[in-house]
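Nothing in this text is a laboratory measurement; each read-out follows from the coordinates by a stated rule. Just so you know, these numbers come straight off a predicted model, no measurement behind them. Ideal geometry is used to build each Cβ from the backbone, glycine not excepted, and the neighbour counts take in all protein chains shown.
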Amino acid sequence: MAIIGRAALIIALVVCAYGIFASVYGALKGRRDFVESARRAVYALALTTTVAFAVLEIAFLRSDFSFSVVASHSSTTTPWHYKAAAMWSSQEGSLLLWVWLLSIWSSLVIFLTRHRLRDVVPWATAVLLGYGAFFTGLLVFWVHPFTTLAQAPADGQGLNPLLRHPAMMIHPPMLYSGYTLFAIPFAFAIGALIAKRVDAEWIRSTRRFALAAWLLLGCGILLGARWSYTELGWGGYWAWDAVENASLMPWLTGTAFIHSIMIQEKRGMLKVWNVSLVLATGILCVLGTFLVRSGILDSIHAFGASTLGVPFVTLIAGMSIGSIALVVWRRGLLRSEHKLDSFLSREAIFLLNNLVLVALCFVIFWLTFLPLITEIFGDQRAVGPPVFSRYTVPLALVLVLLSGIGPLIAWRRATPRNLRKTFAMPVLFGVVAFVALLFVPNVPQKPLALAMFVLGAFVIGTIAQEVWRGAVARHAMTGEVYPLAVVSLVRRNRRRYGGYFVHLGIVILFVGVAASTAFQHAEDVRLQVGQTATVNGYQVKYERSTATYRSDPRGTGALLTLGAVLDVSKHGKHVATLYPARGYFPSDDASQGLFTQLINGDPTSEVALKTGPTRDFWTAVSPDFSKLQPMVDAIDKAIPPNVSQAGLIRGLQAGLTALQARYEQSPPPAMFRLISSPLVMWIWIGALISIGGGLIALWPAPDAARRRATAAIRARVAQDLGRA
Amino acid sequence: MDPARKRRVRLVVALTAALFLAGGLVYTSFSAGSPAKTPSQLLAGSTPGSSYKLTGKVVDGSIRHDGSALLFRVRDRDGTASVPVSYTGSVPDPFRDGREVIVTVSKGSGDTFTGEKDSLITKCPSKFQADDGSGSTSSMN
């Protein structure tokens, strides 16, 4: 099977090379047949990478340990759905996933534009196939997903237990879908620049792809945050870790892009800005892939050790230099058709919002790369989350404010009179929220959180007013009842109202973030069975210990699970019973005793939390395993060196039973992390609302199919006229 | 003023403002960061009161609990020089003997360094690790 996968990749590389040649030659010589052929090369790339992807995925599902990647990332004891996900936990598998997704989206866009943008598409095809060539080239020459082992091991090393979480299964495909979808507007921007077609047509053709990229990248980031909150034993959802920042940066420039293209579509302005944004986003997506996969940010010295360093840096440098050169070369064509009429206009607010988003991206970029930059000058320095927050929180506040102002202000020029009219209601929302919050204990002491709540109320006021006015107008026009009027309003203006829902969701998310950061109470305590700790007025009693082996309730495949039963109460009233635990997995360190090996892999927390609309109570336990170590050593010693297979299994089982009984009956004290934080649930609710809004904006309008059909007929007529 | 000139002036003003802001960020972030040190560098000299990002590996068998404090020693990535750390706060799941960690510390009483609350991090398991293969991924070379 491996040979089929390897062959598919080699064919894919050849197809890419041919396709690049054919599209460029076709574009230069005006040979449609070559351009057509290049289009088919994109489909062929999709086909061949699908074959390669399927071969590797099947090997993972079948636990075929003759594949070296399968042996090092999966095992027979890994639950089946995690076997499937183990494929992209590997370096090789993740790169294959990247190029496979790229080929699918490329095929889709190349198919959808087959009758349009005749000058731009050949160049865009060449760029997309260039991506394809780079990644298949990596898979053919640098990292080898289809390396086989002469002697297949009986079992593999298993998927890293930390990654055994539902959110982590789909997080990489989401993230990579976002990255690869952004490659499409990137490629079309390059095509538009080379072909001198810098009107808004390339934007219209790829807008949906940019929006889908933005949506899926956002989903990927959120799933990562959710994973961090419910799987990692520290109880946070965002740590400003380099890996997180890597995915946030292109999302921010992408957000700026989907706002600013509206100005180009409506007013023919900001052309340089738009192409620069989308080119930067495309580059940041590749940078994001690279950062996560190279470990370079730990130290510049990791660069030499990483197999991917040189090719990726070459690609990123090439993309950056090429993009800048192209924009400078075509600067004459990128002049605005209009100029900014007034700073009191929607264009100006959009521009400001763009500047804030780009500033956010720059701040995050700089702080993420600070260790690397300072290391070059000798003394490596790094900054933690507080420094990130110091710069990003004020910018986020401005962003929220602008998202409230933008929809209210007129295009071109707003008059003071219509400003008063449109702003009265939303400002009232904000003022009421401010006054009400002054009476909520502790809130006035946290000015930044208070500001976020007030601005949030202002934005919600804006959106409510917009929806209300639209519904009233529609009701007056058609006589529809109000709920129906809202629905048809949204149906008919998907982009606009979808956008409002996204704003609503993001504001709710920000309010959740502000509340849960500013008013969180976290305690790390060491408790014996029967002892009680107090966190923010909640009494947490360690009722008893739990221990199970080979029957792990969360389905992660842990061999041994040690946990606790916690009774949470407030003012003597029962709130929840929580069951945090910690799973122990086999280790691959052969130098240890056999029993130690069975349970000495990386343990992972199984978090227990009581979630609610006002407050989450979050708990994790970390048993003091060092107190059990003497017993583990004794079990190891009790297993004779030349024991038979059956005897060994009996011995190990007896050991596990003994350990389980010991932990249940007389557990050593355990460390608990207990967190009480308000409004966390609203982060996820806000995210879901945003995703819903994004889907509304993405969904084709009811009459789009008809319009598409007319456009196709028009194109055919034009074609025929051209021939005649 | 003719429009082209006006545009140019506006562009120069905007770029200057952006440069100043970026400069401010660069300058303040340099002083906000704490210097990264290895255990042997800390042993060679450290100023009481200033904080450092201590990077290295957890010494095998050095992890102890003392009340809610976690005591452990961090050694050089490739070496044996090590310093004791007393830490409170969240402990990442992958934390254990031999694991590479980064913790913000300051010089406390005696030889022990005091870890800043919640500052302990271990290398992210999803990252590619070329040298030690201790994470989820391993290299093919």
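Things worth noting here:
- For peptide A:233-239, the mean count of partner chain Cβ atoms within 10 Å of a residue's Cβ comes to 3.
- Taking the longest Cα principal axis of chain A as reference, the axis of helix A:242-267 is set at about 20 degrees.
- Rounded, prolate or oblate (a/c below 1.5 giving rounded, otherwise prolate when a/b exceeds b/c) for the range A:528-679 by Cα gyration tensor: prolate
- Positive end of the dipole of chain A (Cβ unit charges, origin at the Cα centre): among A:M262, A:M319, A:L659, the Cα lying farthest that way belongs to A:M262.
- Only Lys, Arg (+1) and Asp, Glu (-1) charged, at Cβ; the range A:477-532 dipole about Cα centre in debye: 480 debye
- Candidate lysines - alpha carbon under 24 Å from A:K29, same-chain residues fewer than 8 apart omitted: A:K196
- Hits among aspartates and glutamates - C-alpha to C-alpha of A:K541 under 20 Å, sequence gap 8 or more where chains match: A:E523, A:D524, A:D567, A:E606, A:D616, A:D624, A:E664
- Working from Cα pairs under 8 Å separated by at least six residues, relative contact order for chain A is 11 percent.
- In terms of surrounding Cβ atoms within a 10 Å radius of their Cβ, A:W618, A:W238 rank from fewest to most as A:W238, A:W618.
- Rounded to the nearest 20 debye, the dipole magnitude of the protein assembly as shown is 4320 debye, with +1 charges on Lys and Arg beta carbons, -1 on Asp and Glu beta carbons, and the Cα centre as origin.
- Positive dipole terminus of the range B:36-122, leading residue within B:S90, B:I121, B:S51 (C-beta point charges): B:S51
- Pairwise centroid distance, computed over Cα atoms, of the range B:77-116 with the range B:6-43, Å: 30 Å
- Across the range B:86-92, computed HN-Hα scalar couplings (Karplus, 6.51 cos²θ - 1.76 cosθ + 1.60, θ = phi - 60°) run 10, 9, 10, x, 6, 10, x Hz from first to last residue, x flagging Gly and Pro.
- Per residue of peptide A:380-387, the mean number of Cβ atoms on other chains within 10 Å of the residue Cβ is 6.
- Ordering of A:85-91, A:526-532, A:23-29, A:356-362 by burial proxy (mean other Cβ atoms within 10 Å per residue, highest first): A:85-91, A:356-362, A:23-29, A:526-532
- Annotation for the range A:265-288 versus the range A:9-71: alpha-carbon center distance of 28 Å.
- Using alpha-carbon coordinates, inclination of helix A:629-638 to the longest axis of chain A, degrees: 60 degrees
- Net charge contributed by nearby residues that have their C-beta within less than 9 Å of A:L578 (K/R +1, D/E -1): 0
- Among B:S29, B:S119, B:S51, the residue with the largest mean-square fluctuation in a Gaussian network model of chain B, with springs joining Cα atoms closer than 10 Å, is B:S29.
- C-alpha center-to-center spacing [the range A:544-576, the range A:626-695] in angstrom: 10 Å
- Mean ellipticity per residue at 222 nm, deg cm²/dmol - from DSSP H runs of n ≥ 4 across chain A, formula -39500 (n - 2.57): -22000 deg cm²/dmol
- Cross-link partners for B:K107 among the lysines, with Cα-Cα distance under 18 Å and sequence neighbours closer than 8 places in the same chain left out: B:K37, B:K53, B:K117.
- Counting neighbouring Cβ atoms within 10 Å and putting the fewest first, the residues B:S86, A:S94 line up as B:S86, A:S94.
- Average other protein chain Cβ within 10 Å of Cβ, residues B:27-34: 6
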